[in-house]
Every structure is written in C-alpha cells, then in structure tokens.
Amino acid sequence: MEAEPPLYPVAGAAGPQGDEDRLGVPDGPEAPLDELVGAYPNYNEEEEERRYYRRKRLGVLKNVLAASAGGMLTYGVYLGLLQMQLILHYDETYREVKYGNMGLPDIDSKMLMGINVTPIAALLYTPVLIRFFGTKWMMFLAVGIYALFVSTNYWERYYTLVPSAVALGMAIVPLWASMGNYITRMAQKYYEYSHYKEQDEQGPQQRPPRGSHAPYLLVFQAIFYSFFHLSFACAQLPMIYFLNHYLYDLNHTLFNVQNCGTNSQGILLGFNKTVLRTLPRSRNLIVVESVLMAVAFLAMLLVLGLCGAAYRPTEEIDLRSVGWGNIFQLPFKHVRDFRLRHLVPFFIYSGFEVLFACTGLALGYGVCSVGLERLAYLLVAYSLGASASSALGLLGLWLPRPVPLVAGAGLHLLLTLSLFFWAPKPRTLQHIWILYTVAVLWGVGSALNKTGISTLLGILYEDKERQDFIFTIYHWWQAVAIFTVYLGSSLPMKAKLTVLLVTLVASAASYLWMEQKLRRGVVPRQPRIPRPQHKVRGYRYLEEDNSDESEAEGERGGCGGGGRGDCAEEEVPPAWPRPGPEPAILYRRPCPYEQAQGGDGPEEQ
C-alpha cells in the first residue's frame with residue numbers, strides 16, 4: 001500500500017515535486033534567504049500606504065464625532081438636570097414637604113454662585129492643567145466632574161450640592177478650551193493624512209502652508225457645533241417626558257404677572273410660588289436622575305474609548321517642557337497680540353447671547369407670556385435652528401472670511417432692535433408663532449457666531465504650541481460674560497437689551513477693524529514660545545535626524561530637542577570668512593551610542 005504524502009511538506013526536506021516548487025524556487029537548504037524572509041512578492045507599497053492613511057483619516061473623523069457627541073451629552077445632561085432642579089426647588093410646596101426648613105433657596109443661590117463665579121479664576125490654572133494632563137485626558141476629567149455634579153443630586157444637601165457646583169465651575173473653561181483645541185488639532189491632522197505625499201516631498205520638518213487646514217477646520221467646527229447646539233434640545237427631554245405632567249397651566253402660574261418682554265423687570269416678577277399641581281414621587285425622580293447619570297457616564301466612555309490623542313507622546317513632552325512658569329504666563333503675554341484684543345468684544349458677546357437666549361428670551365418673553373409648560377418647546381426650537389444652521393459656517397469655503405461672522409451679528413442686531421419694541425401680553429397664545437420664529441432665528445445667529453469665532457481662531461493661530469492658550473482666553477472671556485449676566489439678572493429688560501446691543505455693535509466694529517489691519521499688512525506681535533528644556537536625555541535625543549522631534553524644534557534646528565543635549569556643540573565656529581587667525585575647527589562631542597561603538601562621532605562615518 002502506497003503511503004500518502006504529508007499534508008504539509010517537512011521543512012528542509014525535498015517535497016513530492018522535487019527540489020523546486022511550482023514557481024521554480026529551490027526548496028529545502030538550497031532555498032535563498034530572501035525568498036524566506038523577504039517582502040511578500042505581491043506587496044504594493046503605494047497601495048498599502050494609501051490604505052494606511054485612509055484608516056488614519058477615518059480615525060480622525062471618529063475622534064471628531066466622538067468628541068462632539070461627548071460634549072453634546074455632557075452639556076445636555078448638565079442643563080437638563082439644572083433646569084429641572086431649579087423648577088422643583090422654586091415650588092414652595094415641594095420645598096416644605098420634602099426639605100422642611102433646610103434652606104433650599106439659599107443652597108440654590110450658593111450653587112449658582114459656585115457655577116458662575118469660580119470660572120473667573122480659570123485663566124490661572126487652565127493652561128497648566130491642559131499641559132499637565134494632555135488635551136484628551138483634560139476632556140475626560142472635565143466630563144467626569146460634570147458626571148460628579150449629576151451624582152450629587154441623589155442626596156441634595158449643602159455639603160453635596162455646593163462643593164460639586166464649585167468643582168463644576170472649575171471644570172467649565174478647561175473642558176471647552178480643550179474641546180476647541182482638540183477639534184483644531186484634528187483638522188490639522190486630517191490635512192497631514194490627506195496630503196502625505198506632499199509632506200514626504202517637503203520633508204518631515206517642513207511645516208504645511210499657512211491656512212492649508214482651513215477647509216477641514218470649517219467642516220469639523222460645523223460638525224462639532226451641530227452636535228453642541230443639539231444639547232439644548234436634549235436638555236428638554238426631562239421636561240417634556242417627565243416634569244410637564246406635574247405643572248400648572250399658564251392661568252395659574254402667570255396670574256399675578258403684569259408686564260412681559262421689554263417692559264419686564266428682573267426674571268419673572270410676579271410669577272406664582274407654586275408651579276406643581278402634584279409632587280413627583282421620589283422613586284420617579286431617582287429614575288430620571290439615574291437615566292441622566294447613565295448618559296453622563298456614556299459621555300465619559302465616549303471620550304475615553306473613542307477619542308484619540310491630540311498630540312504624539314513626544315509632542316506632549318515638548319509642550320510640557322517649556323517650563324510651568326512660562327505656561328502660567330503665556331496666556332497673559334498673548335494680550336500683546338492686537339488680533340486677540342480686537343476679538344475680545346466678540347468673546348464677551350458670545351457669552352451674552354447664549355445666556356440671553358436661555359434667560360432673557362426664553363423666560364422674559366416666552367414663559368412670561370405663554371407659560372412654563374412651553375419653555376421646553378421654545379428651547380427646542382432654538383436648539384434645532386442653531387444645530388441646522390451650523391452648516392452655514394461652510395459658507396466660509398466660498399465667501400470671504402468675515403461674511404459668516406458679520407452675518408450672524410447683523411441678524412442678532414435686527415432681532416435685538418425688534419425685541420426692544422415688543423412687549424407681549426401675559427397669558428396670551430396668539431403670538432406664540434412669533435416666539436418660535438425669534439427663537440429659531442436667534443439660533444441661526446448663535447450658530448454663525450460660534451462656528452465663525454472658533455474657525456477664525458484656528459486659522460489665525462495655527463501653531464500647536466499656542467492653541468490651548470488661545471482657546472483658554474476665548475472661553476475665559478465667555479465665562480466673564482456669563483458671570484456679568486449672573487450679576488445683572490435683576491436689571492430691567494431694556495437695560496439688558498441695551499448692554500447686548502452695545503456689545504454687539506462694538507464687537508462687529510472691532511472685528512472689522514482687525515481684518516482691515518491684517519489687509520494692510522500689520523504684523524501681530526506674538527509672545528515667543530520658549531524652547532523645550534528636557535531634563536531627561538532619552539533615546540530620542542541621541543540622533544541628529546530625529547524623527548520624533550516637534551515641528552517647532554525642526555525649524556529651529558538643534559541636536560535632538562531642547563537645551564544642550566548629549567550631542568551639543570562645544571564650540572561655535574565664527575562667521576566665514578574672517579580676517580585673523582584660522583577659525584577653530586567645529587568639534588561635536590560624540591553621543592553615548594557612538595562612544596559605545598568606539599567611534600569619535602560623524603567623522604568616522
């Protein structure tokens with residue numbers, strides 16, 4: 001009986017076909033080494049490179065969508081919980097039955113103070129925290145603090161609500177500054193992965209042309225703010241599906257309200273102290289808060305699991321190595337830049353207009369006339385209008401840069417002037433379509449404002465060494481504006497509209513003046529970013545041609561990083577030619593690797 005041939009040929013032995021396989025290559029000990037360990041014969045390097053960078057681009061898109069969804073869920077949970085909490089705590093019966101003489105209004109006032117006052121100090125610590133933790137981990141920690149604020153509402157006491165509100169206030173500016181920095185970095189990465197052939201031709205140390213990432217930045221900012229503005233609609237889901245079933249109608253809550261709109265004073269003067277027909281069961285409240293907590297936890301997982309790093313590890317090291325004292329000072333030194341000084345009024349107005357939409361327009365014009373039960377639908381109209389109109393930021397791909405930003409300011413200007421002369425009557429539903437129209441149009445202006453400013457900052461400040469400082473300054477001024485609105489909440493509506501109008505006109509005029517200066521060729525004065533000073537001399541600082549160094553290092557030159565490293569030049573040659581004695585020969589001390597190989601440096605190579 002003839003033996004069957006083995007399923008797999010034995011290594012080193014001739015197979016059934018002899019000493020050569022079907023391709024004519026010798027088998028066994030005679031086989032050439034290149035055929036065994038060499039490249040795959042059908043390997044297409046160009047095709048594999050194209051697939052690699054396509055995966056990289058898809059990864060960038062995944063990062064943008066995950067960061068946008070995480071920010072939307074985080075802010076939506078925060079706003080929804082805060083709104084439901086303030087409505088419940090406003091009701092006299094709810095306070096007396098559930099909390100007795102615990103002083104819930106005082107706790108709420110201190111909680112709001114913690115949320116609005118604490119961000120004023122954010123300029124002192126935000127850049128340090130972003131550089132210390134990194135952009136992605138700062139986002140994750142800030143979202144975790146928002147989740148902590150949600151969790152404290154399971155046990156509403158002074159020692160839970162107030163400290164968590166202070167912690168939340170500390171996390172507001174770091175979260176949104178790191179988000180803005182993250183989206184800008186993703187646009188720059190997408191450009192690098194889309195034009196990798198040009199990068200190879202120019203060399204790894206050559207920076208891309210200025211403004212080259214602007215089209216991708218416009219698209220990514222439009223995506224981010226489409227998600228962000230949806231957070232206002234998500235925040236109304238607890239109201240629509242839960243709290244609205246317990247509210248009195250407008251004839252009860254607005255019984256003593258006399259003036260609305262431009263004639264109103266403070267926030268809902270004369271509003272009834274009881275707004276709940278029946279008190280919600282504690283079990284139902286726990287279910288709603290558990291759903292909100294789960295959504296906050298989902299936002300944390302999105303940022304942690306799906307968001308990639310904004311910088312390479314070596315770039316993170318270089319960003320930290322400029323010195324913590326310099327990191328602390330650089331946001332203040334950027335005041336020298338006339339572009340930032342001209343944009344400060346727009347930063348302030350950006351905070352004013354969002355708070356006016358949520359308080360002045362929604363409460364002073366909306367709730368005051370059509371009742372608390374329609375508050376959620378007004379804010380949903382604002383949210384959907386802003387989210388859909390964020391795509392209008394893409395007009396910057398074809399129109400001049402100032403057009404979208406100035407168009408948003410012009411729309412808000414018309415709406416503000418119209419609101420100056422409109423005082424809707426309380427408990428009247430005939431004009432409710434006007435309220436929805438104004439809310440949608442205000443959302444359109446907000447979308448143009450937010451996308452325009454963030455895109456403008458990403459275009460004007462392309463250096464990755466200073467982007468976190470710029471977005472920190474932007475969101476800090478927004479926090480200052482929100483604090484100002486908090487202080488002036490008791491002012492008459494006409495005074496609020498006047499401040500809003502003056503700030504809007506000043507911001508538009510200042511921005512156009514800045515653009516005029518740039519067209520005239522005025523060079524902005526930017527603070528110098530110090531070179532990284534690496535205390536640890538690791539392997540990445542041993543080679544002259546260092547592939548891991550940052551772009552800034554590559555432009556400045558130097559041997560493998562900042563400071564005087566292992567390959568530092570010991571004597572600087574004088575300029576050629578120079579009369580006098582012969583110049584000293586340039587000598588470079590050999591690196592430790594070269595010493596270990598017994599060489600004296602590049603002279604032996």
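The values are calculated or read from the model by the stated rules, or taken from the named source; none is laboratory data. As the structure is a computational prediction, the values presented were derived from the model and not from experiment. Counting neighbours? That spans all protein chains shown, and the Cβs are built from the backbone with ideal geometry, glycine included. Heavy atoms of the whole protein, side chains included, go into the accessibility calculation; ligands, DNA and RNA do not. Shrake-Rupley method; radii C 1.70, N 1.55, O 1.52, S 1.80 Å.
If you check Asn63 against the conditions, is it modelled with pLDDT under 90 and either more than 23 Å from Thr278 (Cβ to Cβ) or touching a helix residue (DSSP H, G or I) at 6+ places or on another chain (Cβ under 7 Å) (or both)? First the steps, then the outcome.
Working: modelled with pLDDT under 90: no; either more than 23 Å from Thr278 (Cβ to Cβ) or touching a helix residue (DSSP H, G or I) at 6+ places or on another chain (Cβ under 7 Å) (or both): yes.
Here the answer is no, as Asn63 does not meet what is asked.
Any idea how many residues of the stretch 464-475 are part of a helix (DSSP H, G or I) and over 13 Å from Arg339 (Cα atoms)?
Of the stretch 464-475, the ones part of a helix (DSSP H, G or I) are 467-475.
If we keep only those that are over 13 Å from Arg339 (Cα atoms) as well, we get 467-469, 471-472, 475.
Looking only at that region, the number is 6.
So that you can scan it fast, the table gives a plain yes or no per residue for (1) closer than 22 Å to Val505 by Cβ; (2) among the aliphatic types (A, V, I, L, M):
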{"residue": "Ser418", "(1), (2)": "yes, no"}
{"residue": "Lys425", "(1), (2)": "no, no"}
{"residue": "Thr428", "(1), (2)": "no, no"}
{"residue": "Val440", "(1), (2)": "no, yes"}
{"residue": "Val444", "(1), (2)": "yes, yes"}
{"residue": "Gly458", "(1), (2)": "no, no"}
{"residue": "Lys464", "(1), (2)": "no, no"}
{"residue": "Ala479", "(1), (2)": "no, yes"}
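Rundown of residues vs (1) in contact with a helix residue (DSSP H, G or I) (Cβ under 7 Å, 6 or more places away or on another chain); (2) touching a residue at least 40 places away in the same chain (Cβ under 8 Å); (3) assigned to a helix (DSSP H, G or I); (4) of a type in the set (Val, Ile, Thr), yes/no style:
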site	(1), (2), (3), (4)
Ile453	yes, yes, yes, yes
Glu462	no, yes, no, no
Trp477	yes, yes, yes, no
Val480	yes, yes, yes, yes
Tyr486	yes, yes, yes, no
Leu500	yes, yes, yes, no
Lys517	yes, yes, yes, no
**Request:** Check the stretch 80-98 and report whether any residue there is buried (at least 20 other Cβ atoms within 10 Å of the Cβ) and small (Gly, Ala, Ser).
**Result:** yes
**Request:** Mind counting the residues in the stretch 419-471 that are open to solvent by less than 40 Å² (accessible area, probe 1.4 Å), more than 25 Å from Asn256 (Cβ to Cβ) and hydroxyl-bearing (Ser, Thr, Tyr)?
**Result:** 5
**Message:** Filter the stretch 363-382 down to the residues that are surrounded by 24 or more Cβ atoms within 10 Å (Cβ to Cβ) and hydroxyl-bearing (Ser, Thr, Tyr) and list them by number.
**Reply:** Tyr365, Ser369, Tyr382
**Fill in**
With the first residue restricted to the stretch 323-347 and required to be closer than 30 Å to Leu504 by Cα, and the second required to be among the basic types (Lys, Arg) and in a helix (DSSP H, G or I), Cβ contacts under 8 Å at 6 or more apart or on different chains are Val335/Arg341; Phe338/Lys517; His342/Lys517
**Request:** Determine, yes or no, whether Leu237 is open to solvent by 70 Å² or more (accessible area, probe 1.4 Å), under 27 Å from Val380 (Cβ atoms) and in contact (Cβ under 8 Å) with a residue 24 or more places away in the chain.
**Result:** yes
**Prompt:** Looking at this structure, is Tyr52 within 25 Å of Arg185 (Cα to Cα) and either crowded, with 16+ Cβ neighbours inside 10 Å or without any contact (Cβ under 8 Å) to a residue 40 or more places away in the chain (or both)?
**Reply:** yes
**Prompt:** Only one residue in Leu460, Leu448 is touching a Lys or Arg at 6+ places or on another chain (Cβ under 7 Å) and at pLDDT 90 or above. Which one?
**Reply:** Leu460
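Would you mind stating whether Val536 is at pLDDT below 85, over 29 Å from the mean Cα position of the chain (by Cα), of a type in the set (A, V, I, L, M, F, W, C) and more than 22 Å from Gly410 (Cα to Cα)? Give the steps one after another, and end with the answer.
On the way: at pLDDT below 85: yes; over 29 Å from the mean Cα position of the chain (by Cα): yes; of a type in the set (A, V, I, L, M, F, W, C): yes; more than 22 Å from Gly410 (Cα to Cα): yes.
Yes: the conditions hold for Val536.
Quick one: in the stretch 74-115, of everything that is part of a helix (DSSP H, G or I) and small (Gly, Ala, Ser), which residue is nearest to the chain's Cα centre (by Cα)?
From the stretch 74-115, those part of a helix (DSSP H, G or I) are 74-90, 92-99, 104-115; that's our starting set.
In the following step, the residues that additionally are small (Gly, Ala, Ser) were identified as 76, 80, 109, 114.
Values: Gly76: 15, Gly80: 21, Ser109: 29, Gly114: 22 Å.
Among those residues, the one meeting the criterion is Gly76.
Condition check ((1) among the small types (Gly, Ala, Ser); (2) more than 30 Å from Leu399 (Cβ to Cβ); (3) open to solvent by 10 Å² or more (accessible area, probe 1.4 Å)) across all residues:
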| position | (1), (2), (3) |
| --- | --- |
| Ala167 | yes, yes, yes |
| Ala177 | yes, no, no |
| Asn181 | no, no, no |
| Glu198 | no, no, yes |
| Pro215 | no, no, yes |
| Ser226 | yes, no, yes |
| His245 | no, yes, yes |
**Tally of residues being open to solvent by 20 Å² or more (accessible area, probe 1.4 Å) and β-branched (Val, Ile, Thr) across the stretch 402-418** = 2
**Request:** Scan the stretch 266-279 and give yes if some residue there is over 27 Å from the mean Cα position of the chain (by Cα), touching a residue at least 60 places away in the same chain (Cβ under 8 Å) and in a helix (DSSP H, G or I), otherwise no.
**Result:** no
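Would you check which residues across the stretch 472-490 are among the polar types (S, T, N, Q) and open to solvent by less than 20 Å² (accessible area, probe 1.4 Å) and list them? Walk me through how you get there before you give the answer.
The first filter runs over the stretch 472-490 and keeps only residues among the polar types (S, T, N, Q), leaving 472, 478, 484, 489-490.
Selection gives Thr472 alone.
For the stretch 323-362, which positions are over 22 Å from Val485 (Cα atoms), of a type in the set (A, V, I, L, M) and open to solvent by 10 Å² or more (accessible area, probe 1.4 Å)? Break it down stepwise before answering.
We begin by selecting, within the stretch 323-362, every residue over 22 Å from Val485 (Cα atoms); these are 323-340.
Now drop any that are not of a type in the set (A, V, I, L, M), which leaves 327, 330, 335, 340.
The one that is over 22 Å from Val485 (Cα atoms), of a type in the set (A, V, I, L, M) and open to solvent by 10 Å² or more (accessible area, probe 1.4 Å): Val335.
For the structure I just gave you, tell me whether Leu302 is buried (at least 19 other Cβ atoms within 10 Å of the Cβ) and touching a residue at least 60 places away in the same chain (Cβ under 8 Å). Outline the logic, then answer.
Working: buried (at least 19 other Cβ atoms within 10 Å of the Cβ): yes; touching a residue at least 60 places away in the same chain (Cβ under 8 Å): yes.
Yes.
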**Asked** (1) surrounded by fewer than 17 Cβ atoms within 10 Å (Cβ to Cβ); (2) touching a Lys or Arg at 6+ places or on another chain (Cβ under 9 Å): which one isn't true of Tyr154, the others all being true?
**Response** (2)
